[in-house]
Amino acid sequence: MLSAVAEARRVLRPHGIMLDVHPTGEPTHLEVWHAEYGAVDNFVEHADNLAAICRTPVGWLEHDESLQDFTAATDALAEALDQGFSLQRSTTFDYRYFFDTLDEFTEYLEDNEKHARASDELLERALMAMKEAVTTPKLVMVQRTVVTALRKYV
Amino acid sequence: MPLATPSDLELKTIRSLVGFSGCRVLEIGAGDGRLSWPFAPEAAQWIALDPDADEIAAARTEQERDKEKEKVRLAIGDGRALCFPAGHFDIAFFTWSLC
């Protein structure tokens, strides 16, 4: 990844910005969301206004080597600070994948098994949490993501 | 994991760090253009690069469907060997691609 950073530096004007978005090295976790009784039911569109949403943590997915790519990206940005960049700002947010049913979620995992897997215990907890929801629940896979802006020195 | 349409939270978080207005932007690892379409209209120039020809083809299909997205110049390319002149861009934007 260092060559990509070097190339970015080359094509940027002095004081130009290198902006990066990538998942952190934290494992992905699973939650069950449902709207507060009587509140807006299609809350996916309102997911950034979380006051009316009940969130039940279910647990963590299992990863093999895919997280190493993410930590390598973080390392590349850290090394960029020795390659003519200064840190402007960095912040994180939750990248969320929404699923209406457990089957939809497991099918998604089967199609992306090289990225993450869910244990049987995790799926059972998710199913229980979805059954206990008082309004229509959604299964939410949450991936912590970091956004970083670095400024090129002259 | 395959990425979906960016959420308002993702877009708002990116905007909180940088403004694209009037900027020449090189997006590296643009994929199917999910982060190109929301921001490119503000920029003076937006070049979206990805090494995956299928992703660029998907982005082109989207441009054909929505003419307002034609501002984005799509290209197959590798961020480790760029064919652009030195000092040309205001922003180099790695979109889920440095990893």
**Study point:** Dipole of the protein assembly as shown [Lys/Arg +1, Asp/Glu -1 at C-beta], most positive-end residue of A:L19, B:F84, A:M141
**Key:** B:F84
Point to revise | MRE, 222 nm, helices only [DSSP H, n ≥ 4, -39500 (n - 2.57), over chain A, to nearest 500] | key: -9500 deg cm²/dmol
Study note, to complete from the structure: Highest GNM mean-square fluctuation among A:L81, A:L30, A:L139, for chain A with Cα springs under 10 Å, belongs to A:L81
**Study point:** Simple label model, 7 Å out from Cα along Cβ direction - B:Q45 to A:V134, nm
**Key:** 5.7 nm
Practice item. Work out the charge dipole of the protein assembly as shown with +1 on the Cβ of Lys and Arg and -1 on the Cβ of Asp and Glu about the Cα centre, then indicate which of A:W33, A:P57, A:T71 is farthest towards its positive end. Key: A:T71
**Study point:** Gyration tensor over alpha-carbon atoms, chain B, equivalent ellipsoid semi-axes in Å
**Key:** 17, 17, 14
**Study point:** Nearest-20 debye value, the protein assembly as shown charge dipole, Cβ charges on Lys, Arg, Asp, Glu
**Key:** 1480 debye
Practice item. Quick one: check the C-alpha center-to-center distance for region A:48-114 versus region A:16-37, whole angstrom. Key: 5 Å
Exercise for review: Apply 1/(1 + (r/R0)^6) to the Cβ-Cβ distance of A:T101 and A:E124, taking R0 = 22 Å, and write down the FRET efficiency to the nearest 0.05.
Suggested key: 0.90
**Study point:** Accessible area expressed per residue, the protein assembly as shown, with surrounding protein chains retained (probe 1.4 Å, Å²)
**Key:** 48 Å²
Check your understanding: How many nm is it between the label spots at B:R15 and B:I76, if each spot is 7 Å from the Cα in line with the beta carbon?
Key -> 3.5 nm
Check your understanding: When only DSSP loop residues count, what trypsin sites (Lys or Arg not before Pro) in region A:97-154 have their Cβ near at most 15 other Cβ atoms within 10 Å?
Key -> A:K114
Check your understanding: Quick one: with all protein chains in place, what share of the accessible area of the protein assembly as shown is carbon or sulfur, to the nearest percent (1.4 Å probe)?
Key -> 50 percent
Exercise for review: Can you pull out the buried accessible area for chains B and A, both sides counted, probe 1.4 Å, rounded to the nearest 100 Å²?
Suggested key: 3300 Å²
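The values are calculated or read from the model by the stated rules, or taken from the named source; none is laboratory data. The model shown is predicted, which means the values in this text are computed figures rather than measured ones. A quick note on method: Cβ atoms are made from the backbone with ideal geometry, for glycine too, and the neighbour counts reach across all protein chains shown. Please note that ligands, DNA and RNA were not included when accessible areas were found on the heavy atoms of the full protein model with its side chains. Shrake-Rupley method; radii C 1.70, N 1.55, O 1.52, S 1.80 Å.
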